[in-house]
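The values are calculated or read from the model by the stated rules, or taken from the named source; none is laboratory data. These numbers come from a predicted model, not from an experiment. All Cβ positions, even for glycine, are placed from backbone atoms using ideal geometry, and neighbour counts span all protein chains on display.
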Amino acid sequence: MEPISATAFSTVHSSAAAGGVKEASKVRQPEDKAQDSPLKAVKDEYIPEERPEPSGRYWVGKNENGQPRIYFDDPERNEGAKDPGKRVSDSRGESCTCDTGRVDREIEKLKRKQEELGQQLSTETDDARIKDLEKKLAQVEQELSQKDNDTYRRQHAVFS
């Protein structure tokens with residue numbers, strides 16, 4: 001095999017370019033130069049969008065407690081509201097308030113009853129009366145465990 005001379009290579013190369021065949025190899029940078037300049041780190045950028053005009057649509061979402069809730073994008077909503085799902089007062093100045101006072105009083109009443117039954121039980125000497133007081137105390141403790149939690153308070157709150 002004979003080595004190809006530079007003139008033979010240039011004539012083959014130029015004839016391939018003249019024939020319309022695209023050159024397969026591209027010009028590459030030397031490896032030393034690529035190592036000298038460090039690459040810039042690629043970063044994501046957050047570009048906020050303007051809030052779209054309210055369209056009057058309904059959608060299902062989850063509230064802050066993870067419960068399903070229906071949201072409404074009201075075109076006539078109060079412009080001061082940032083989130084269409086939050087409740088704000090309407091144009092007439094009406095608003096909704098939540099009152100858990102009745103439920104709290106009921107729970108306090110049960111706690112006082114539990115304390116009284118405990119004191120009576122500690123001073124009682126009659127076996128029949130002790131069994132009756134233990135049964136009442138167990139009922140009060142069970143009712144208290146069902147009612148003394150946030151879920152019960154939310155379900156039995158009074159909205160006005």
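Taking segment 125-140 as the search range and keeping residues that are over 14 Å from K109 (Cβ atoms) and in contact (Cβ under 8 Å) with a residue 12 or more places away in the chain, which one is surrounded by the fewest Cβ atoms within 10 Å (Cβ to Cβ)?
E134
Output the number of the condition that D150 fails; it satisfies all remaining conditions of (1) within 47 Å of the chain's Cα centre (by Cα); (2) more than 15 Å from E106 (Cα to Cα); (3) modelled with pLDDT under 90.
Evaluating D150 over (1) within 47 Å of the chain's Cα centre (by Cα); (2) more than 15 Å from E106 (Cα to Cα); (3) modelled with pLDDT under 90 leaves (2) as the failure.
Any residue in segment 111-122 that is hydroxyl-bearing (S, T, Y) and free of Cβ contacts under 8 Å to residues at least 24 places away in the same chain?
Yes; the residues of segment 111-122 include at least one that is hydroxyl-bearing (S, T, Y) and free of Cβ contacts under 8 Å to residues at least 24 places away in the same chain.
Select from segment 116-159 the residues that are closer than 28 Å to Q67 by Cα and part of a helix (DSSP H, G or I) and list them in ascending order. Please lay out each step first, then the result.
If we filter segment 116-159 for residues that are closer than 28 Å to Q67 by Cα, which is where we start, we get 142-159.
The answer is Q142, E143, L144, S145, Q146, K147, D150, T151, Y152, R153, R154, Q155.
Restricting to segment 58-78, give me the number of residues that are part of a loop (DSSP other than H, G, I, E, B) and at pLDDT 80 or above.
Restricting attention to segment 58-78, the residues satisfying the condition of being part of a loop (DSSP other than H, G, I, E, B) are 63-67, 73-78.
Then drop every residue that is not at pLDDT 80 or above, which leaves 63-67.
Number satisfying all stated conditions: 5.
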